[in-house]
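A.B. asks: Below you will find the structure I want to go over with you.
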Amino acid sequence: MRTLLTDGRLTLRRWRRDDARALLNLAQESAAEIGPWMMWTDAVTDQAGAEQFIADRLTQWDNGDGYGFVAVDVEGRLLGGGALGHFNRQHRLGNVGYFVRTGERGRGRAVALSRLLVLFGFEDLRLQRLEILVEPANLASQRVAEKLGAVREGTLRHRLLIHGEPRDAIMFSLLPGTVRLDSAAVAPGEASG
Ligand SMILES: CC(C)(COP(=O)(O)OP(=O)(O)OC[C@H]1O[C@@H](n2cnc3c(N)ncnc32)[C@H](O)[C@@H]1OP(=O)(O)O)[C@@H](O)C(=O)NCCC(=O)NCCS
């Protein structure tokens, strides 16, 4: 299983313990934009919180419960991150999540990093379906899912609990062979992978 994925411009790698300071910096820069949709920034408010976040990601990786990656540019600067998790082993399903630091938004980073994550899910983990759950109000994330080529399947009621509040979520899905590394996402069935 790979611990480093790249499209030549952006690299995803496994979190390292010495990423803690840069993660804290990213969280402080981006908490107002990430916090409404993802809860992890609540816990990454100081160095200890950042170290714990990374330790948890590494434990999940070692246990096979989740595969969290950090996205870096050619200079090694943290751009964002993402993870595969919430696996259903019997049916070989998983969930994709992603975030991009505030100063790097709007440059295609989320689509690029998510594409690498999806390929990891299908090629390395041999999953046969990946899901992306997005709140109806999270238009940027819906656009990312669409640009990946994910299919919008419907809205699931109270599918998420965010900050203790039940939220509806749009279910997007991806199947193997629908995402390619070297091009924009293509419609299901059009690519061989
Ligand atoms: C969602 C997120 C990852 C997008 O990151 P990004 O690097 O800016 O995304 P990209 O540049 O790859 O693509 C964003 C697309 O959404 C569009 N977009 C951005 N904000 C939008 C909005 N408010 N309404 C509609 N579309 C929007 C952009 O125009 C772009 O589409 P385009 O290329 O067709 O113009 C980022 O905003 C983020 O980290 N949000 C907080 C965490 C989050 O919501 N994660 C997903 C949880 S399901």
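A.B. asks: Find, among the trypsin sites (Lys or Arg not before Pro) in region 121-172, those assigned to loop by DSSP (not H, G, I, E, B) with at most 13 other beta-carbon atoms within 10 angstrom. Write down the numbers at each step before the final one.
C.D. replies: Working: sites: 126, 129, 143, 147, 152, 157, 159, 167; in loops: 126.
Listed in order of number, the matching sites are 126.
A.B. asks: A follow-up question, please. What nm value, rounded to one decimal, do you get for the distance between residue 6 and residue 107 when each label is placed 7 Å out toward the C-beta?
C.D. replies: Taking the two extended label points, one gets 1.7 nm.
A.B. asks: Next up: Residue by residue, what Karplus-based ³J(HN,Hα) values in Hz, rounded to whole numbers, does region 145-152 have, using 6.51, -1.76 and 1.60 with θ = phi - 60° and x for Gly and Pro?
C.D. replies: Each residue's phi maps through the Karplus curve to give 4, 5, 5, 6, x, 6, 9, 7 Hz.
A.B. asks: Can I ask one more? Report, in whole Å, the centroid distance computed from the Cα atoms of region 7-67 and region 103-148.
C.D. replies: Between the Cα centres of region 7-67 and region 103-148 lies a distance of 17 Å.
A.B. asks: How large is the helix-only mean residue ellipticity at 222 nm for the chain, computed as the sum of -39500 (n - 2.57) over DSSP H runs with n ≥ 4, divided by its residue count, in deg cm²/dmol to the nearest 500?
C.D. replies: When only DSSP H runs of four or more count, the value is -8500 deg cm²/dmol.
A.B. asks: Further, regarding this structure: What percent antiparallel are the DSSP beta bridges of the chain, to the nearest 5?
C.D. replies: On the way: 34 of 37 bridges.
Rounded to the nearest five, the antiparallel share is 90 percent.
A.B. asks: Can you list the GluC sites (Glu not before Pro) in region 63-158 that are in a DSSP coil and have 13 or fewer other beta carbons within 10 angstrom?
C.D. replies: Working: sites: 75, 104, 123, 131, 146, 153; in loops: 75.
Counting only loop positions with at most 13 other Cβ atoms within 10 Å, the GluC sites (Glu not before Pro) in region 63-158 are 75.
A.B. asks: Would you mind getting the Kirkwood hydrodynamic radius of region 4-174 from its Cα pairs, rounded to one decimal in Å?
C.D. replies: Numbers: mean 1/r = 0.0616 Å⁻¹.
That comes to 16.2 Å for region 4-174.
A.B. asks: If I take R0 = 41 Å and measure r between the Cβ atoms of residue 165 and residue 63 in this structure, what FRET efficiency does the formula 1/(1 + (r/R0)^6) give, to the nearest 0.05? Don't skip to the answer; put the middle values down first.
C.D. replies: Working: r = 29 Å, r/R0 = 0.70.
It comes to 0.90.
A.B. asks: When Rg is the radius of gyration of the Cα atoms in region 104-158 and Rh is its Kirkwood radius, what does Rg/Rh come to? Write out the running numbers ahead of the final one.
C.D. replies: On the way: Rg = 12.1 Å, Rh = 12.3 Å.
Taking Rh as the inverse mean 1/r over Cα pairs, Rg/Rh reads 0.99.
A.B. asks: Count the net charge of all other residues whose Cβ sits under 13 Å from the Cβ of residue 89, scoring Lys and Arg as +1 and Asp and Glu as -1.
C.D. replies: Details: positive: 92, 126, 129; negative: 65.
For residues surrounding residue 89, the net value is +2.
A.B. asks: Quick one: if the Förster radius is 30 Å, what FRET efficiency do residue 55 and residue 93 give, using the C-beta to C-beta distance and rounding to 0.05? Don't skip to the end; give the middle numbers.
C.D. replies: Numbers: r = 26 Å, r/R0 = 0.88.
According to the calculation, E is roughly 0.70.
A.B. asks: Residue 6's amide H: which non-local residues (gap 5+, or another chain) put their own amide H closer than 5 Å, with H modeled 1.01 Å from N in plane and none for Pro or chain starts?
C.D. replies: For residue 6, the qualifying residues are 12.
Coordinate-derived values only; no laboratory data. What you see is a predicted model, and the numbers here were worked out from it, not measured in a lab. Cβ: placed from backbone, ideal geometry, glycine included. Neighbour counts: every protein chain shown.
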